[in-house]
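> Provided herewith is a single structure, encoded as structure tokens, for subsequent inquiry.
The values are calculated or read from the model by the stated rules, or taken from the named source; none is laboratory data. Quick caveat: nothing in here was measured; it's all calculated off a predicted structure. Using ideal geometry, Cβ is built from the backbone for each residue, glycine included, and neighbour counts are taken over all protein chains shown.
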Amino acid sequence: MSELGIIIINARSPLFRKLPSNIDLDNILCIKKTRTVDNGGVFSLDGQYYQLVDEKGKIAPVTPRAKITVLTSPKIDIRVPTPDHPWKQEQQKTPSYWYVESDREILEALNNFTCAWR
């Protein structure tokens, strides 16, 4: 620390953490739009029609009327992540808890119920 209370940082060392290899900034720093695939596996975006293909150039099987997320940016152009992509996975929902009552118990509770307005 200098006399003025200013911390001097070594300019030769990086000030940012290294990005983990499993994070693709192109999938984060882009515009995400939802589109619906038609019966032929085609979707439209900004007046143009596109068909989904895999890495090998084969037409990707898509359920008709499926909702897809289209990523666009000047760097990646147009990209549609696969359903197993990490940010496409839904958070695991907590189980709902419930119990079963017989009809007799429900009818008994209704018959014994008193309303304040009656």
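> Out of the stretch 36-63, which residues are farther than 11 Å from Val80 by Cβ, within 22 Å of the chain's Cα centre (by Cα) and of a type in the set (S, T, N, Q)?
Listed by number, the residues that qualify are Thr36, Ser44, Thr63.
> While we're here: Taking the condition at pLDDT below 90 and more than 24 Å from Asn22 (Cβ to Cβ), does Ser96 pass?
It is true that Ser96 is at pLDDT below 90 and more than 24 Å from Asn22 (Cβ to Cβ).
> Sticking with this one: Are any residues in the stretch 27-77 touching a residue at least 40 places away in the same chain (Cβ under 8 Å), outside any strand (DSSP E or B), surrounded by fewer than 15 Cβ atoms within 10 Å (Cβ to Cβ) and hydrophobic (A, V, I, L, M, F, W, C), and if so, which ones?
Passing the criteria: Leu29, Ile76.
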